[in-house]
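Engineer: Handing you a structure now.
The values are calculated or read from the model by the stated rules, or taken from the named source; none is laboratory data. Treat the numbers as computed from the prediction; the structure is a model and nothing was measured. Ideal geometry is used to build each Cβ from the backbone, glycine not excepted, and the neighbour counts take in all protein chains shown.
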């Protein structure tokens, strides 16, 4: 198997920083939180380490996805709707017909991410952004915990 490993960077963790991001979603769809995550990294003076992004809800999710063509997000919402349709014979429907499908979608896509931080920047690819994905039709208030573990910038 061919491959080439970059130079290995070693640091001793010097910093653990945590903040909670609260935001309101407009309803079903993607909300870009990359700027909030980058701002957090800058404000705490992070250098090298890992950013944990954790969503404190079960009917929305987090993802790293393309940030250039909004059609990707539209297609992903459609794909998730096909995987967990509202008109399936769900038993749990106390909060409405979109609630149980939202739980399934969140389980499929996840509520936590780890993003490497290198050189005091998020190590995302050129076309990558960090998104909160709202799976409910109506707006919701959501909380996202951001936690960095690593070194301080020099």
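Engineer: How many residues does segment 114-142 hold that are surrounded by fewer than 17 Cβ atoms within 10 Å (Cβ to Cβ) and under 10 Å from the mean Cα position of the chain (by Cα)?
Structural biologist: Total satisfying the criteria: 1.
Engineer: Related question: When segment 1-56 is examined, which residues are found to be at pLDDT 95 or above, assigned to a loop (DSSP other than H, G, I, E, B) and either in contact with a helix residue (DSSP H, G or I) (Cβ under 9 Å, 6 or more places away or on another chain) or loosely packed, with under 14 Cβ neighbours inside 10 Å (or both)?
Structural biologist: Passing the criteria: 26, 27, 28, 56.
Engineer: Quick check, is residue 97 free of Cβ contacts under 8 Å to residues at least 12 places away in the same chain, more than 19 Å from the chain's Cα centre (by Cα) and farther than 30 Å from residue 47 by Cβ? Even if it seems obvious, please write down each step before you answer.
Structural biologist: Values: free of Cβ contacts under 8 Å to residues at least 12 places away in the same chain: yes; more than 19 Å from the chain's Cα centre (by Cα): yes; farther than 30 Å from residue 47 by Cβ: yes.
It is true that residue 97 is free of Cβ contacts under 8 Å to residues at least 12 places away in the same chain, more than 19 Å from the chain's Cα centre (by Cα) and farther than 30 Å from residue 47 by Cβ.
Engineer: Every residue in segment 96-122 that is out of contact with any helix residue (DSSP H, G or I) (no Cβ under 8 Å at 6 or more places or on another chain) and under 19 Å from residue 144 (Cβ atoms), please.
Structural biologist: Of everything in segment 96-122, those that are out of contact with any helix residue (DSSP H, G or I) (no Cβ under 8 Å at 6 or more places or on another chain) and under 19 Å from residue 144 (Cβ atoms) turn out to be 102, 103, 106, 107, 110, 111, 112, 113, 114, 116.
Engineer: Further, regarding this structure: Any idea which of 81, 93 is at pLDDT below 95 and in contact with a helix residue (DSSP H, G or I) (Cβ under 9 Å, 6 or more places away or on another chain)?
Structural biologist: 93
Engineer: Return the only residue of 145, 111 being exposed (fewer than 15 other Cβ atoms within 10 Å of the Cβ) and either over 27 Å from residue 42 (Cα atoms) or modelled with pLDDT of 95 or more (or both).
Structural biologist: Being exposed (fewer than 15 other Cβ atoms within 10 Å of the Cβ) and either over 27 Å from residue 42 (Cα atoms) or modelled with pLDDT of 95 or more (or both) holds for just one of 145, 111, which is 145.
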